[in-house]
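The values are calculated or read from the model by the stated rules, or taken from the named source; none is laboratory data. Being a predicted model, the structure only gives us computed values, none of them experimental. All Cβ positions, glycine included, derive from the backbone under ideal geometry; neighbour counts span all protein chains shown. For accessibility, only protein heavy atoms count, side chains too; no ligands or nucleic acids. Shrake-Rupley method; radii C 1.70, N 1.55, O 1.52, S 1.80 Å.
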Amino acid sequence: MDFKSKIILIYGPTASGKSTFAIKLAKKLNGEIINGDSMQVYKELKILSARPSQKGYNKIKHHLYGFQTVKKNFSTGDWLKLVKQKILDIKKRKKIPIIVGGTGLYFKALTDGLVSIPNIPVKFRKSIRLQYKKLGSKNFFLKLVKLDPLAKNYLNPLDTQRVIRAYEVKLFTKKSIYDWFKNTFSLFEKKDFYKIYIDYPRAELIERINTRVENMIANGAILEVKKFIKLKVPKSNTASKAIGIAEIRQYLDKKILIHEVIEKISIKTRQYAKRQTTWGRGNMVDWYRVKPNSLDKFLKKIYISRS
């Protein structure tokens, strides 16, 4: 495989070694790395987000890491605008863009485009959720199909989040969410991407997660959260949802002990890794899957044309 004209995407669950692999790949291909993780954009969350080390930065040029303040929200749309600019700039300099991260929605937006559905008021959305609770999943789905017949062909009646989303979009915009999808496209073509999924065995990943959490605590995660608390970031902000903040707050408030902090963060991180894996199975069926013990063999096989 000649990677000269490609945009390389690397996805995998947290603690799967994505960043290390990306650096090795970038060194071999004369590439530059772009962040594809929604928490690693925040400058104040270096430890909790497991941002690449300074040593990694020194080896290869990195983009879109630690540049956004936690006081501001940063959306998928914001990332998409910036990542397109970075890709074009890197390619213009005859280098290969390598996007690495674990935020599935970022990758989907890049490869398929981002649906530009108008913002739906919070009060409107809350009223739909109340209807769902009142009617139950079966009756609500029947109501959705009556409102938007297209939903019957695409949705699992038990997929609560997507069912509600389809209903609120149709009711508010008078247009099916699937019609919105049809008008969505990527700036790049499918052939422009080479997509790598690091498929880590669950048992081994759990061990890596546990070790990572212990190292985070040892390397200053508590101090990082203390500084975060002083910033008085609204709970509604994306950064406030970073795994570890709530648990370390409990410790600082003397509600739990340090070993409980490690245990709670580890459990949450494992749950997150499972969601990432589930996303990958459902949305990344055409990605090239590589087991961690095969990454070095994969590196040996690739090349870049010098013509």
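For segment 114-158, filtering for residues that are modelled with pLDDT of 90 or more and aliphatic (A, V, I, L, M) leaves 7. Annotation: of all residues in segment 92-106 being open to solvent by 70 Å² or more (accessible area, probe 1.4 Å) and in a helix (DSSP H, G or I), the one that is modelled with the highest pLDDT is Lys92. Inspect segment 175-192 for any residue being open to solvent by less than 50 Å² (accessible area, probe 1.4 Å) and in contact with a strand residue (DSSP E or B) (Cβ under 6 Å, 6 or more places away or on another chain) and give the result as yes or no. Within segment 175-192 (the criterion being open to solvent by less than 50 Å² (accessible area, probe 1.4 Å) and in contact with a strand residue (DSSP E or B) (Cβ under 6 Å, 6 or more places away or on another chain)), the answer is yes, since at least one residue qualifies. Kindly evaluate Glu214 against the criterion of being closer than 30 Å to Val70 by Cα, part of a helix (DSSP H, G or I) and modelled with pLDDT of 90 or more. Answer is yes for this residue. Residues that are in contact (Cβ under 8 Å) with a residue 60 or more places away in the chain and among the hydroxyl-bearing types (Ser, Thr, Tyr) were ranked within segment 1-50; the one that is surrounded by the fewest Cβ atoms within 10 Å (Cβ to Cβ) is Ser5. Restricting attention to segment 280-303 and to residues that are of a type in the set (Phe, Trp, Tyr) and open to solvent by less than 40 Å² (accessible area, probe 1.4 Å), the residue that is farthest from the chain's Cα centre (by Cα) turns out to be Phe298.
In the set (1) free of Cβ contacts under 8 Å to residues at least 12 places away in the same chain; (2) under 30 Å from His63 (Cα atoms), the condition left unmet by Gly136 is number (2). In this structure, Val261 does not satisfy being surrounded by 17 or more Cβ atoms within 10 Å (Cβ to Cβ) and within 18 Å of Tyr11 (Cα to Cα).
Say whether the condition of being open to solvent by 40 Å² or more (accessible area, probe 1.4 Å), on the phi < 0 side of the Ramachandran plot and modelled with pLDDT under 85 is met by at least one residue in segment 162-172. Yes, the conditions are met somewhere in segment 162-172.
Of all residues in segment 162-183, those satisfying the criterion of being part of a helix (DSSP H, G or I), over 14 Å from Phe141 (Cβ atoms) and of a type outside the set (Asp, Glu) are Val169, Leu171, Phe172, Thr173, Ile177, Tyr178, Trp180, Phe181, Lys182. Restricting attention to segment 51-63, the residues that are surrounded by fewer than 21 Cβ atoms within 10 Å (Cβ to Cβ) and assigned to a loop (DSSP other than H, G, I, E, B) total 3.
Selection over segment 233-273 of residues that are within 17 Å of Ser49 (Cα to Cα), outside any loop (DSSP other than H, G, I, E, B) and in contact (Cβ under 8 Å) with a residue 24 or more places away in the chain gives a count of 15.
Of all residues in segment 139-161, those satisfying the criterion of being part of a helix (DSSP H, G or I), open to solvent by less than 50 Å² (accessible area, probe 1.4 Å) and in contact (Cβ under 8 Å) with a residue 12 or more places away in the chain are Phe140, Phe141, Leu144, Ala151. Only one entry of Arg270, Arg249, Arg289 meets the criterion of being out of contact with any helix residue (DSSP H, G or I) (no Cβ under 8 Å at 6 or more places or on another chain) and not acidic (Asp, Glu), and that entry is Arg289. Taking segment 107-123 as the range and being open to solvent by 60 Å² or more (accessible area, probe 1.4 Å), in a helix (DSSP H, G or I) and hydrophobic (A, V, I, L, M, F, W, C) as the test, only Val122 passes.
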